[in-house]
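The values are calculated or read from the model by the stated rules, or taken from the named source; none is laboratory data. All figures in this text were calculated on a predicted structure; none of them were measured in a lab. Cβ placement follows ideal geometry from the backbone for every residue including glycine, while neighbour counts extend to all protein chains displayed. We work out accessible area using only protein heavy atoms, side chains counted, and drop any ligands, DNA or RNA first. Shrake-Rupley method; radii C 1.70, N 1.55, O 1.52, S 1.80 Å.
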Amino acid sequence: MSGYWAGILAILAINIIFAYGIFVTAAAGQLNLGGAGFMAIGAYAAAVLGEQLGWSPALTVPAATLVTALVGFAIAFPVLRTRGVYMVLATFAFAHVVTGVILTQPALGGAMGLVVPDYVDLPVLIGAAIATTLLVFWLMATRLGLAMRALHDDELVSTLMGVPARAVQVASFAIGAGLAGLAGGLYAHHFSFVEAQYFSALLSIYVLLFVLIGGTQTAWGPLVGATFFTVVPELLRIGGSW
């Protein structure tokens, strides 16, 4: 395999994991436009743990996932007090706050970014993407997944039928944040460098489009959406150069 297509597959694997992070929240009826912020937290957590503590990716990536999930759990309570477009704006603002904090912290490299010491190769990324896909398919078949789908369809009726709406929404928000953090940690170790400018508003918009185009009521949605928007532009670029 050429280095070019290996790079495309690496980006695709990361995008699939990232898209599933946004899908889990969207499946519960929550549009999260702060995905880039969660991915940034995961990437910088992995970078700092690897650079300053000397941890290997086997430790930094799970730790980054856990840290991001805890952040998602913490901010879920104020964010979920909003609805509709206000929730979208709240998550969008969160992503901007994360980027702003990173840019103003010399310990995080500021605008210069951070070098990540250890490298994660393509097979690890592909394995993580497959594991994430299987995990989300399993999750959507559990009672939690069924409750998420019910809330997506009609939150009021689901609540009247006994679904603990707030608990399910907080859980989905935290799980989605953790998956976005996983994507960030893998991104950091594969590309060996992180900078705040990469985790921009456009990244949040793109990954949300992956999910919305693929569909929020089927676990195939993020896989289809991420694959289409990652691979097709490259094929068109190659075709246009002939």
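Structural remarks
- Using the Karplus relation 6.51 cos²θ - 1.76 cosθ + 1.60 with θ = phi - 60°, the per-residue 3J(HN,Hα) values for the stretch 16-23 come to 5, 4, 4, 5, 5, x, 6, 4 Hz, with x marking Gly and Pro.
- Against the chain, whose longest principal axis is taken from its Cα atoms, helix 201-214 shows a tilt of about 60°.
- For the stretch 114-168, the Cα-based Rg and Dmax, in that order, read 17.6, 52 Å.
- Taking the chain and dividing mean pair separation by its residue count, relative contact order in percent (alpha carbons under 8 Å, at least six apart): 41 percent
- Accessible surface of the stretch 199-242, 1.4 Å probe: 77 percent of it comes from carbon and sulfur atoms.
- The stretch 1-136: mean projected area of Cα convex hull, nm²: 9.1 nm²
- Using just its DSSP H runs of length 4 or more, each adding -39500 (n - 2.57), the chain gives a mean residue ellipticity at 222 nm of -25500 deg cm²/dmol after division by all residues.
- Convex hull volume of the stretch 110-218 per residue (C-alpha atoms, cubic angstrom): 124 Å³
- Rounded to 10°, Cα long-axis angle of helix 85-103 versus longest principal axis of the chain: 30 degrees
- Take each peptide in 13-22, 116-125, count the other Cβ atoms within 10 Å of every residue, and average; sorted highest first, the result is 13-22, 116-125.
- Positive dipole terminus of the chain, leading residue within Ala10, Thr99, Phe173 (C-beta point charges): Phe173
- Full extension of the chain segment joining Arg166 with Ile126 gains 11.0 nm, where the gain is 0.36 nm per residue of separation less the Cα-Cα distance.
- Cut-off of 10 Å, at most 16 other beta carbons, DSSP loop: longest stretch of the chain lacking such trypsin sites (Lys or Arg not before Pro): 84-242
- Alpha-carbon centroid distance for the pair the stretch 41-109 / the stretch 149-202, whole angstrom: 12 Å
- For the stretch 1-136, accessible area per residue (1.4 Å probe, heavy atoms of protein chains only), Å²: 43 Å²
- Helix 165-191 vs. the chain, principal-axis angle (Cα, 0 to 90°, nearest 10): 10 degrees
- Linear extension gain, Ala58 paired with Tyr86, 0.36 nm per residue minus alpha-carbon span: 6.3 nm
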